[in-house]
1. Taking the condition at pLDDT 95 or above and not polar (S, T, N, Q), does LYS111 pass?
2. Tell me the residue from MET32, MET42 that is within 14 Å of VAL115 (Cβ to Cβ) and of a type outside the set (Phe, Trp, Tyr), please.
3. Condition first: out of contact with any Asp or Glu (no Cβ under 7 Å at 6 or more places or on another chain), in contact (Cβ under 8 Å) with a residue 12 or more places away in the chain and among the charged types (D, E, K, R). Now tell me which residues in segment 46-87 satisfy that.
4. Which of the residues belonging to segment 101-126 are assigned to a helix (DSSP H, G or I), under 19 Å from ALA36 (Cβ atoms) and among the charged types (D, E, K, R)?
5. What about ASP12, is it farther than 29 Å from GLN133 by Cα, acidic (Asp, Glu) and surrounded by 12 or more Cβ atoms within 10 Å (Cβ to Cβ)?
6. Can you name every one of the strands (runs of 3 or more DSSP E) wholly within segment 1-100 that holds 2 or more residues which are at pLDDT below 95?
Amino acid sequence: MSERVLRDILGDNKPVSVDGGSNVVEATRIMMRTDAGAVLVMNGSKLEGIFTERDLVKRVVGAGLDPKSSAVADVMTAHIQTADPEMKAVDALKTMQENGFRHLPVKENNKILGVISLRDFIGKELTEIQDQQAVERSWAESNR
């Protein structure tokens, strides 16, 4: 199993964030400019939620909302889970897979350090999880 922790993955990446009053166009432009798949929605130093590409597609475009007049706070994902920077990368990936999300904010002492994305796991941890799932499927099939 991999011993990489989230702090190793984050490196010196800084979190990308917007205020909840920002409109969807502003948030999307920030995501495009920083090549981020999500922005944190902050109220000062307090994490309020996350606005992701998936939120844009489902909650804005799919719902027929006007992105110029829609506040990010109204279409973000609220009540998000965070992770500790010393969490093992493979455990974070499992958490993300089990809960169906693609982005995981990393927080230490109530300070957001950054966001881990599924694309950060392309490589060792993803291969480990897939190998483990293959073994579990094989075991389940042999015990039918």
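The values are calculated or read from the model by the stated rules, or taken from the named source; none is laboratory data. Worth saying up front: this structure is predicted, and the values here are computed from it rather than measured. Counting neighbours? That spans all protein chains shown, and the Cβs are built from the backbone with ideal geometry, glycine included.
1. Details: at pLDDT 95 or above: no; not polar (S, T, N, Q): yes.
In short, no.
2. Values: MET32 fails: within 14 Å of VAL115 (Cβ to Cβ).
Just one listed residue meets the conditions, MET42.
3. Matches in segment 46-87: GLU48, GLU53, ARG54, ASP55, ARG59, LYS68, GLU86.
4. Taking segment 101-126 as the starting set, the residues that turn out to be assigned to a helix (DSSP H, G or I) are 118-121, 124-126.
Checking the rest, the ones that are also under 19 Å from ALA36 (Cβ atoms) come to 118-121.
Answer for segment 101-126, where residues must be assigned to a helix (DSSP H, G or I), under 19 Å from ALA36 (Cβ atoms) and among the charged types (D, E, K, R): ARG119, ASP120.
5. Values: farther than 29 Å from GLN133 by Cα: yes; acidic (Asp, Glu): yes; surrounded by 12 or more Cβ atoms within 10 Å (Cβ to Cβ): no.
No: the conditions fail for ASP12.
6. Values: elements: 17-19, 38-43, 46-52.
Hits in segment 1-100: none.
Residue-by-condition table, conditions (1) closer than 30 Å to GLN132 by Cβ; (2) of a type in the set (Lys, Arg):
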residue: ARG7; (1), (2): yes, yes
residue: GLY20; (1), (2): no, no
residue: GLY37; (1), (2): yes, no
residue: GLY49; (1), (2): no, no
residue: ALA71; (1), (2): no, no
residue: MET96; (1), (2): yes, no
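Conditions tested, residue by residue: (1) of a type in the set (Val, Ile, Thr); (2) surrounded by 14 or more Cβ atoms within 10 Å (Cβ to Cβ); (3) touching a Phe, Trp or Tyr at 6+ places or on another chain (Cβ under 6 Å); (4) under 17 Å from LEU113 (Cβ atoms).
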{"position": "LYS46", "(1), (2), (3), (4)": "no, no, no, yes"}
{"position": "ASP55", "(1), (2), (3), (4)": "no, yes, no, no"}
{"position": "LYS68", "(1), (2), (3), (4)": "no, no, no, no"}
{"position": "HIS79", "(1), (2), (3), (4)": "no, no, no, no"}
